[in-house]
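What follows is a short report on a single structure.
The values are calculated or read from the model by the stated rules, or taken from the named source; none is laboratory data. Values in this document were obtained by computation on a predicted structure and should not be read as measured data. Note that we place each Cβ from the backbone using ideal geometry, even for glycine, and neighbour counts take in every protein chain shown. Please note that ligands, DNA and RNA were not included when accessible areas were found on the heavy atoms of the full protein model with its side chains. Shrake-Rupley method; radii C 1.70, N 1.55, O 1.52, S 1.80 Å.
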Amino acid sequence: MDFKKNKDMKKHIIALFMMIAFSTLLNAQNNYTNLWEKVQKFEVDNLPKSALKVVDDIYTQAQKEKNSPQIIKTLFYKSKFSLILEEDAQLKVIHEFKKHIAESNFPTKNVLENILANLYWQYFNQHRYQFYNRTKIDAASGKGSSSGSDSSSSLGSSTSSDSSSGSELDFRTWDLNTLFKEIHIHYQNSLTNGLLLQQTNISDFAPILHLQKGSKIYRPTLFDFLSHNALEFYKTSETNITKPSYQFKIDNPNLLTDARTFSRINIETKDHLSLQLNAIKIYQNLIAAHINDKDARALVTVDLERLQFVKQHATFTDKEELYLQILKASQEKYTANEVSGLYGFEVAQIYHQKANSYTSNKEVENRFKNKEAIAICHQIIKDFPESVGAKKCKLLLSKIEQKALHITAEEHISIGSNSRLLVDYKNIDKLYFTGYEITKNQQEKLNKLYKDDEKVTFIKKLKRVQNWSSTLRNEHDYLQHTTEVIVPKLASGIFLIV
């Protein structure tokens, strides 16, 4: 038994459980609840065979009742226990999911396709290094070819192993392009029948989901859930995938436009397997699905994700300015709605970043951008005090207004002469200093103290020799500044400055 492989697969199944985060007690029918409690007890008692037997019983019952969430949940557990009880169970787990996909109907089929894609994706993330130098293969034939030899197709040119004799091949031997194409196929399959998915309430799958409080507001349907899972894959910046000569690029400035216009843009390209292209299309479908919602929170949340993704990967030169303009326009559109604060917060954050880019001889116009950020945040907090935008603004305000201080002193100074302290500071107007005389023995004792209150008590017992203060220049730009502070003349000895 290859213990390392088995251990790795256990990790990635557990990670999958965390993604779906099934809860045995959440909104489940009583009969299923009792059975799952038995499974839990056997699992706690380290009796996986007994637990698996109960899972099989649940599976049989769920199949008879055509209970999709319970069927999917049993597959999770069957996979989990298989990895514990059987050697080389990875292939069995994958083939088990493929078997049920072939036998299932909507919406179970969609969810299983999504999970299978995620299984492959997690396997890659845990074995990334193994894929880098593999030769390209054809998943249908199993024949290898020189790595990167086919530059005419993205994500490889193989057909899906689910639709060919390749279904029995060991996916662990695939090259990167083949694996990514397979992931793409299963994610796309999971999003078929999109209109029906949009009509399937996420609560219908409560038995296998850990629904955080308020999460249904932002991802109310099964379509939202499956789409966002797929986006985690399509938004990756994997650089080792073979790129075609006609590679899709985000070079259209219109992709940084308002949500409604964006959802209607027709994108023409031959690079249909591009990760970025498919991410854009999923964003278009999500926005189109929510564009007429009475509650705009789901729409605005995904729209902001879309804008950030486009800006990050766009190749046109004025993307930063276009991004800022559309944020402002979108905030203005929703002035009377708390979601305006989400756009406003992003504007404030941009201004804060611009302020941090300021130097004394560069981008002078950005020096006081923090003031603009603060004004925006205060307005959002005033207008919608309990909103998510207000909460984000409060965090940004605390970051901008946070005080900072770092002082550097010379180790040796001349007796009876003034010396200087180098002060790096932020949002501070005045410093108060006290000089104490200290012996080497006292210094060693002080250095051995760890608690602040013990240090303060120790220092107060030292001989005080000087008090002085220094007013710092604070122009309220909320930026870091540096200055020097004069230290009064000191006699011979060792001194501690507080």
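Points to keep in mind about this one:
- Summed side-chain charge close to residue 96 - residues other than residue 96 whose Cβ falls under 12 Å, Lys, Arg +1, Asp, Glu -1: +3
- Span from the segment 64-89 Cα centroid across to the segment 363-434 one, whole angstrom: 54 Å
- About its Cα centre, the chain has a charge dipole of approximately 1200 debye under the convention of +1 per Lys or Arg Cβ and -1 per Asp or Glu Cβ, with nothing else charged.
- Calculated mean residue ellipticity at 222 nm for the chain: -16500 deg cm²/dmol, from DSSP H runs with n ≥ 4 weighted as -39500 (n - 2.57), summed, divided by the residue count and rounded to 500.
- Computed packing ranks the peptides 316-323, 251-258, 443-450 as 251-258, 316-323, 443-450, most packed first, by mean other Cβ atoms within 10 Å.
- Surface analysis of the chain yields an accessible area of 52 Å² per residue, using protein heavy atoms and a 1.4 Å probe.
- Overall, segment 254-306 carries a charge dipole of about 80 debye about its Cα centre when +1 sits on the Cβ of Lys and Arg and -1 on the Cβ of Asp and Glu, all other atoms neutral.
- At an R0 of 22 angstrom, the distance between the Cβ atoms of residue 464 and residue 406 translates into a FRET efficiency of 0.35.
- Cross-link pairs exceeding 31 Å between alpha carbons, from the set 38/64; 249/294; 49/181; 98/213: 249/294; 49/181; 98/213.
- Residue among 327, 347, 381 farthest towards the positive dipole end of segment 267-395, charges placed on Cβ: 381
- Links that overshoot a 23 Å alpha carbon limit, given the list 319/426; 235/369; 235/311: 319/426; 235/369
- Protection-proxy order for peptides 416-429, 220-233, each taking the mean of Cβ atoms within 10 Å per residue, highest first: 220-233, 416-429
- Helix 297-313 and the longest principal axis of the Cα set of the chain meet at an angle near 80°.
- Förster radius 22 Å - calculated FRET efficiency between residue 476 and residue 433, Cβ distance, rounded to 0.05: 0.40
- In nm, spacing of pseudo-spin labels at residue 483 and residue 95 (7 Å Cα→C-beta vector): 7.6 nm
- In degrees, nearest ten, helix 108-126 long axis to first principal axis of the chain (Cα): 50 degrees
- Length gained on full extension, residue 281 to residue 353, computed as 0.36 nm times the residue gap minus the Cα-Cα distance: 22.9 nm.
- Lys/Arg +1, Asp/Glu -1 at C-beta; the chain dipole; positive extreme among 95, 50, 459: 459
- When each of the peptides 385-392, 71-78 is scored by how many other beta carbons lie within 10 Å of its residues on average, the order from highest to lowest is 71-78, 385-392.
- Checking (1) 72, 55, 47; (2) 63, 54, 53; (3) 90, 56, 54 against the coordinates, the calculated Cα extents along the principal axes in Å falls under label (3).
- Surface composition of segment 173-243: carbon plus sulfur atoms contribute 50% of the solvent-accessible area (1.4 Å probe, protein chains only, all chains present).
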